[in-house]
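Peer 1: My questions will all concern the structure given below.
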Amino acid sequence: MTDKVHASLGGADATVVDHTDPKTASQVAYEGGFDSVLVNMQVGTMGAMAVARAVRSGAGDDEPIPVTILLDRESDAFLAGRSGAKNWVSKDYTPAELREALGISQ
């Protein structure tokens with residue numbers, strides 16, 4: 001999935017930073033000043049929903065970094081919305097769909 005994300009965002013106005021520890025993703029995102037967080041639905045021991053909630057709570061009084069979740073199934077969209085994710089796309093996304101979900105210009 002990582003290769004597909006890199007290929008989809010290649011040439012776009014984006015820098016992709018891979019981070020494999022879901023427990024520290026929120027901290028790394030805020031310390032790094034990231035504009036958005038993209039999380040795979042299956043992300044180790046924590047899961048994308050927990051990562052999305054951690055990013056939202058990590059904002060404190062500031063606006064949270066928007067989270068986009070890569071869904072395994074379209075039926076997971078309900079859960080993604082409940083987690084506070086701003087956007088979600090199915091893993092069979094097109095590059096244009098992923099860029100749109102992340103707010104990246106073509």
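Peer 1: Per-residue ellipticity at 222 nm for the chain, helices alone: DSSP H runs ≥ 4 residues times -39500 (n - 2.57), over residue total, nearest 500 deg cm²/dmol?
Peer 2: -10500 deg cm²/dmol
Peer 1: Identify, among 89, 14, 36, the residue whose Cα sits farthest towards the positive end of the charge dipole of the range 2-98, taking +1 on the Cβ of Lys and Arg and -1 on the Cβ of Asp and Glu, with the dipole about the Cα centre.
Peer 2: 89
Peer 1: Multiply the residue gap between residue 31 and residue 82 by 0.36 nm, knock off their C-alpha separation, and tell me the result in nm, one decimal place.
Peer 2: Going from the current span to full extension adds 15.8 nm.
Peer 1: Another question, if that's okay. Using the alpha-carbon centroid of each, what span in Å lies between the range 54-97 and the range 2-33?
Peer 2: Between the Cα centres of the range 54-97 and the range 2-33 lies a distance of 14 Å.
Peer 1: If you bin the C-alpha pair distances of the range 2-98 every 5 Å from 0, what whole percents do you get?
Peer 2: P(r) for the range 2-98, in whole percents per bin: 2, 14, 26, 25, 21, 10, 2, 0.
Peer 1: For the chain, what is the charge dipole size about the Cα centre, in debye to the nearest 20, if Lys and Arg each add +1 at the Cβ and Asp and Glu each add -1 at the Cβ?
Peer 2: 300 debye
Peer 1: What nm value, rounded to one decimal, do you get for the distance between residue 57 and residue 42 when each label is placed 7 Å out toward the C-beta?
Peer 2: For residue 57 paired with residue 42, the spin-label model returns 2.6 nm.
Just so you know, all these numbers are worked out from the coordinates, no wet-lab data involved. None of these values were measured; they are calculated from a predicted model. Reconstructed Cβ throughout: ideal geometry from the backbone, glycine too, with neighbour counts over all protein chains shown.
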